[in-house]
1. In whole percent, what relative contact order does the chain give with Cα contacts below 8 Å and a gap of six or more residues?
2. By average Cβ neighbour count within 10 Å, what is the ranking of 177-190, 283-296, 34-47 from highest down?
3. If you place +1 on the Cβ of every Lys and Arg and -1 on the Cβ of every Asp and Glu, how big does the dipole about the Cα centre of the chain come out, in debye to the nearest 20?
4. PRE reach from Met154 (point 7 Å along Cα→Cβ): which of segment 32-60 fall under 12 Å by backbone N?
5. How are the C-alpha pair distances of segment 82-209 spread across 10 Å bins, as whole percents from the shortest bin up?
6. So which GluC sites (Glu not before Pro) in segment 32-115 pass both tests, a DSSP loop state and at most 16 other Cβ atoms within 10 Å of the Cβ?
7. Report Rg/Rh for segment 24-165, rounded to two decimals, where Rg is the Cα radius of gyration and Rh the Kirkwood radius.
8. Using semi-axes √(5λ) of the Cα gyration tensor in Å as the read-out, say which of (i) 45, 22, 15; (ii) 29, 26, 19; (iii) 42, 31, 15 was calculated from these coordinates.
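The numbers here are math on the coordinates, done by the rules we state, and not lab data. Everything numeric in this text was worked out from a predicted model, so none of it was measured. Counting neighbours? That spans all protein chains shown, and the Cβs are built from the backbone with ideal geometry, glycine included.
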Amino acid sequence: MIAGTPTPSTVVPAGDAAIRHGLSLRGMIRSEWIKLRSIGSTWWMYAALLVMTVGIGTQMSSSTSFAWLGDEQPTQMGMQAAAVNAMILGADINVLVVGVLGVLVIAGEYNTGMIRSTFTAVPRRVPVLLAKAMVFAVVTFLVGILSLAITVPMSIGILAGNGIDVRLDDPHYWRAVIGSLVYVVLVGLIAFGIGAILRNIAGGIALALGLVLVAPIALGLVSGVGPQLVLRNVSLLFPINLGRALTAHPGYPDFAAPGEPPVRLEGLLVLEPWQGALGLVVWVVVLFAAAVVLLKRRDA
């Protein structure tokens, strides 16, 4: 036998060799973190997310008051809902940012051809996909937490100056505020799944933004009463409306129309916050399942 030639007992499968050379799940996560932070556009988009969260939250808080009620005092639930409304309106814009970024994180690597090198280093493709998604979700969540940590105290202080005293022991307030962050992260993962399926930046961004923004608006415009009410109920299953269900505060009627009974259209579904969260998770799971199946069947 020639010296240096591995014997059968020393031959290591490619996947095991990758793990032994540091490309375990931990190594893959570290690698994906390096890739993510090395792209300048990533940080510009995260900076935009932070600025918009703080900016929109501050602007909405400064323009929110119950002065139009005159001598009538708003209910505490109405004030809590006003505070939530001021905080979460930026989420519908932030989902557009993370939607674009979610597609770029995965489809951009296909576009440059770097994905081939990644799969050569780690032949097991599914862990690579999961590592990318995990890094993207965690970084997005941390940037979102930082944004809320800045915005919440500013918003509460501004609202207090407008006569709106926010009680911080309200669990619905915190569920809605944290829910807005969960909503943004899950939409980012939805976009990531779309990017993994299409492997195309332009097509992925178009489909992600269409799913989040265009489709529910279009259905809302053509829906009405009677048979068309079905379309409005269908529109509730799109991510933007699931996010609104997740971030809804029970005192919203006292904020939007104080003293008036809430008007509900017969036959129109009303989603609970947990149903909104569950619906977003279902979107993520379905898209990731499709991405995994296609990842195994197609070439890089």
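1. Values: 370 pairs, mean separation 75.9, N = 300.
Relative contact order of the chain: 25 percent.
2. Details: 177-190: 24.2, 283-296: 15.8, 34-47: 13.6.
Top to bottom by mean Cβ count within 10 Å: 177-190, 283-296, 34-47.
3. Numbers: 18 positive and 14 negative charges, 353 e Å.
With only Lys, Arg, Asp and Glu charged at Cβ, the dipole is about 1700 debye.
4. 50-60
5. With a bin width of 10 Å, the distribution comes to 13, 36, 25, 16, 8, 2, 0.
6. Working: sites: Glu32, Glu72, Glu109; in loops: Glu72.
For GluC sites (Glu not before Pro) across segment 32-115 that sit outside H, G, I, E and B with at most 16 neighbouring Cβ atoms in 10 Å, the list reads Glu72.
7. Numbers: Rg = 20.4 Å, Rh = 17.4 Å.
Expressed as Rg/Rh, it is 1.17.
8. (i)
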